Amino acid sequence: MTTRSSAIALAEIATGRFPLRESLVQGWFFVSVSIWPAILISIPMGVVIAVQIGSVASNVGANSMAGAVGGMGVMQQIAPLATALLVGGAGGSAIASDLGARTIRDEIDALRTMGIDPHQRLVAPRLVAMSVVAPLLSVLVILMSILSSFVVAAVGQGVAPGSYWLSFGSFASITDLLICLGKAVVFGFVVAAIACHRGLEAKGGPKGVADSVNAAVVLGILACVVINLALTQLTMMFVPIRFL
C-alpha cells in the first residue's frame, strides 16, 4: 500500500494532477493539532537540557560550552524524536480514526465502486501532508528548546549570552539542521503510512476503529525510535561530529 501510494503521489505531482487542496487541508489540520503540543513539550525539554548540562559543565569549569552541547543534542536527537511523538500521537491518531471510520461505514468500498482509488484520493495526500508538516514542527521544537535553554543558562546559571551563542555557532552547523529535517521527513512519512494502513484495515465497528488508532500510535512511534537508531548510526559513520 505504501509503495503504491508513494508512486501515485510522485506521479501526480510530476503531472500536475495531485489533489493539492486535500493535502493542504490535511496539512493545516495536522499543524492545528500539533503546534501547541510542540511548544509545550519543547520548553520543558530545553529547561531540562539546560539544567543537566549546566550542572555538569559547572563541575568541569566549562559553562561556556552549554550552548554547544545543548544545540547539538536538540538538533540531532531531541527535535526529531519529539516530532515523532507529536506526529505519531496527534497526526497518526487523527489519520487512523478518520480512515477507520470511513472504512467501517463502507465509504472506502463506495469510493472503489465509483471508480475512485482510495490510495490516490485519501492516502497519498496524507502522506505528502505529514511529510511536509513534520520538518516544520521539528524547526519549531528546535527554536523553542534552544530559546528556553538559553534563558535558563543565562538567567539561572550565569552563563554569558555571548559565550552561549558563540559555542552554539561553533559546534552546531547546517548539516545538523539538515539531518534533523531529514529524520523528520522520514518519521512523518512512516507515521502517516502506518496510520493509513491501520485505518484502512479497521473492522468490527467502533471498537475496531479504537484498536486501529491505538495500533497506529504505538507502531508509529516504535518504528520512529528504531529508525532513529539506525539513522543515528549512519550519521555517526558518514558525518562525524565537528569540533571546530
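The values are calculated or read from the model by the stated rules, or taken from the named source; none is laboratory data. As the structure is a computational prediction, the values presented were derived from the model and not from experiment. When we count neighbours, we look across all protein chains shown, and the Cβ atoms used for this are built from the backbone with ideal geometry, even at glycine. Accessible surface areas use protein heavy atoms only, side chains included; no ligands, DNA or RNA. Shrake-Rupley method; radii C 1.70, N 1.55, O 1.52, S 1.80 Å.
Laid out as a table, the results:
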read-out	value
Calculated FRET efficiency for the pair ARG17/MET237, C-beta based, R₀ 45 Å, to 0.05	0.65
P(r) tail fraction, the range 165-237 - alpha-carbon pairs more than 17 Å apart, %	56
CD proxy at 222 nm, helix term only [per DSSP H run n ≥ 4: -39500 (n - 2.57); per residue of the chain; nearest 500]	-26500 deg cm²/dmol
Cβ crowding within 10 Å averaged over residues, with 15-24, 44-53, 131-140 ranked highest first	131-140, 44-53, 15-24
In degrees, nearest ten, helix 161-171 long axis to first principal axis of the chain (Cα)	60
Stretch gain in nm, segment ALA230-ASP106, where the contour uses 0.36 nm per residue and the Cα spacing is subtracted	40.8 nm
Prolate/oblate/rounded call for the range 92-137, Cα gyration tensor, a/c under 1.5 rounded	oblate
Relative contact order computed over the chain (Cα-Cα under 8 Å; 6+ residues apart), in percent	33
Rg to Rh quotient for the chain, alpha carbon positions, Kirkwood Rh	1.07
Length gained when the stretch LYS207-TRP28 is fully extended (0.36 nm per residue, less Cα-Cα span)	61.7 nm
Largest to smallest accessible area among MET114, MET72 [probe 1.4 Å]	MET114, MET72
